[in-house]
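A short write-up of the structure that comes next.
The values are calculated or read from the model by the stated rules, or taken from the named source; none is laboratory data. Predicted, not measured: the structure shown is a model, and the values here were computed from it. Ideal geometry is used to build each Cβ from the backbone, glycine not excepted, and the neighbour counts take in all protein chains shown. Each accessible area value is taken on the protein alone, full model and side chains, heavy atoms only, with ligands, DNA and RNA left out. Shrake-Rupley method; radii C 1.70, N 1.55, O 1.52, S 1.80 Å.
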Amino acid sequence: MKQGAQGSAGAGVPRGEVPGGQVRVPQQSGAVDAGRVRPGAGEPAGGVRGEHTHSEPVLPVVPRGRAVVQRSSVRGQIVDALRAALVAGDLRPGEVYSAPVLGERFGVSATPVREAMQQLALEGAVEVVPNRGFRVVERGARELAELAEVRALIEVPVMLRLARTVPAERWAELRPLAEATVRAASSGCRATYAESDRGFHRAVLSLSGNEQLVQIAEDLHRRAQWPLVGSGPGMRGRADLVADAHEHTALLDALIARDLEVVRALVGEHFAGAG
């Protein structure tokens, strides 16, 4: 993890809060400095039921800037941060993390972290470990290939239909999003690129006018971005990300030209690479 934040407050203000109903969380790509619970550790006396709260190794803390967010948005901010941490590999497949220790890193109580982890459990990213916390789900290459196949079955026909019906000027409006994915890829940050990548695909599919399709496709897309078990930080390097991003700009050019054969080939290659 890159950042740990301890919330501080004046007298009479709960830990993790500052006057005005605000909390402080790290301002970064979403990576969380999480203490990890190794399998086999016992439940601490007096700890939060279902989670380990002490004797957990903590990764080095690198000071970063902090942003103040409104209390009402804390849970959503933590969900986004944990999702980014998954993509970045800071929450590792097979590891167990406790909400209290993650809360320490955010400078908030365990409650919003636990709620965020429950959301990730619904998405299939983590699973509840009784008396321990939450384990990051271990995924293999086969699951990733299956996700890529399902995404292609959904998105390819939609893009081909849109290529026949959407005017060139509408596609041109998406140029800034395609270029943004290239800049994000050039940064080498997988979490930053993942968010930009989803944004481009979401904008393309939104032209279909089918919100249910957009939501389902984005859920599949997010799951496809989680790292495989045993993958290291360099699993997808900057060159891979940049090559993937340039496929967005090439696809946009083909959509503007209404070149259906090129659209079909580019989308097929794009999903093949994702799998």
- prompt: Restricting attention to the stretch 102-118, and to residues there that are closer than 21 Å to Pro227 by Cβ and either assigned to a strand (DSSP E or B) or touching a residue at least 40 places away in the same chain (Cβ under 8 Å) (or both), which single residue is most open to solvent (accessible area, probe 1.4 Å)?
  reply: Arg105
message: Go through the stretch 119-133 and report how many residues are surrounded by 14 or more Cβ atoms within 10 Å (Cβ to Cβ), of a type outside the set (Asp, Glu) and part of a helix (DSSP H, G or I).
response: 3
message: Can you say whether Pro176 is touching a residue at least 24 places away in the same chain (Cβ under 8 Å) and either open to solvent by 10 Å² or more (accessible area, probe 1.4 Å) or not small (Gly, Ala, Ser) (or both), as far as the supplied structure shows?
response: no
task: Kindly provide the set of residues from the stretch 141-152 that are open to solvent by 30 Å² or more (accessible area, probe 1.4 Å) and under 21 Å from Asp90 (Cβ atoms), ordered by number.
output: Glu143
query: In the stretch 100-132, how many are modelled with pLDDT of 90 or more and at positive phi?
result: 0
task: Please state which one of Arg83, Arg161, Arg170, Arg92 is within 21 Å of His221 (Cα to Cα), part of a helix (DSSP H, G or I) and open to solvent by 60 Å² or more (accessible area, probe 1.4 Å).
output: Arg161
message: Being among the polar types (S, T, N, Q), open to solvent by less than 10 Å² (accessible area, probe 1.4 Å) and touching a residue at least 12 places away in the same chain (Cβ under 8 Å): is that true of Ser98 here?
response: yes
message: Can you say whether Glu155 is at pLDDT 90 or above, under 23 Å from Thr192 (Cα atoms), among the acidic types (Asp, Glu) and buried (at least 18 other Cβ atoms within 10 Å of the Cβ), as far as the supplied structure shows?
response: yes
